[in-house]
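Report on the structure given below.
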Amino acid sequence: MNACVITPMTANDLDWVCAEEACLHAHPWTRRNFEDALAAGNDAWVMHAGGEALAYAVVLRVLDEAHLLDIGVSLRAQGRGYGRQLLDWIAHFARDQGAVAFFLEVRVSNAIALALYERSGFSEIGRRRGYYPAVEGREDAIVMRRDL
């Protein structure tokens, strides 16, 4: 794995981020969702290695909590530890900013993400029924927490 650089997401990143988001998620965020997140001042990051963008994340921080709103690792970079590295970096950043807990939701059907989150120190703390849109109806979310 190449050495990574994590930089704040800007409007200049959105073409790449939106293209990746569309490849990675059945119900992707729209460009407007990302623009709104940036305008709201949410923490948004892009991970690069070898001069190539590989991953991105958007995090909402409120008081002493960080909440992962969206994350994606490019298909060509998956399975090489970049997702875990990005999550760990965000956790350290959030802790340095005063957060004591890191939360996220994940689809119950997303076994790969669930395994990543568990390896990254997240534990299930609850469920949100019908949280995500699905091909047929709605899908539950697992709510996870990591102490910082």
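Values for this structure:
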{"item": "Residue check for Ser74: more than 27 Å from Ala39 (Cα to Cα) and either touching a residue at least 12 places away in the same chain (Cβ under 8 Å) or among the hydroxyl-bearing types (Ser, Thr, Tyr) (or both)", "result": "no"}
{"item": "When residues of region 83-102 are limited to those that are among the aromatic types (Phe, Trp, Tyr) and surrounded by fewer than 19 Cβ atoms within 10 Å (Cβ to Cβ), the one farthest from Leu63 (Cα to Cα)", "result": "Trp89"}
{"item": "Tabulated pairs, region 122-148, first farther than 16 Å from Asn110 by Cβ, second among the β-branched types (Val, Ile, Thr), C-beta under 6 angstrom, 6+ apart or interchain", "result": "Ile125/Val143; Gly126/Val143; Arg145/Ile125; Leu148/Val100"}
{"item": "Scan of region 98-119 for residues that are touching a strand residue (DSSP E or B) at 6+ places or on another chain (Cβ under 6 Å) and either more than 28 Å from Gly137 (Cβ to Cβ) or touching a residue at least 40 places away in the same chain (Cβ under 8 Å) (or both), ordered by number", "result": "Ala99, Ala101, Phe102, Phe103, Leu104"}
{"item": "Per-region count, region 37-54, residues surrounded by 13 or more Cβ atoms within 10 Å (Cβ to Cβ) and modelled with pLDDT of 95 or more", "result": "11"}
{"item": "Considering residues of region 124-148 that are in contact with a strand residue (DSSP E or B) (Cβ under 9 Å, 6 or more places away or on another chain) and not in a strand (DSSP E or B) only, the residue nearest to Ala113 (Cα to Cα)", "result": "Ala134"}
{"item": "Residues located in region 115-143, provided they are exposed (fewer than 12 other Cβ atoms within 10 Å of the Cβ), over 22 Å from His92 (Cβ atoms), modelled with pLDDT of 90 or more and not basic (Lys, Arg)", "result": "Gly126"}
{"item": "Number of the condition not met by Tyr56 [criteria: (1) in a helix (DSSP H, G or I); (2) within 21 Å of Tyr132 (Cβ to Cβ); (3) in contact with a helix residue (DSSP H, G or I) (Cβ under 7 Å, 6 or more places away or on another chain)]", "result": "(1)"}
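The values are calculated or read from the model by the stated rules, or taken from the named source; none is laboratory data. For clarity, every value in this text was computed on a predicted model and none was experimentally measured. Cβ sites come from the backbone with ideal geometry, for glycine too, and all protein chains shown count toward neighbours.
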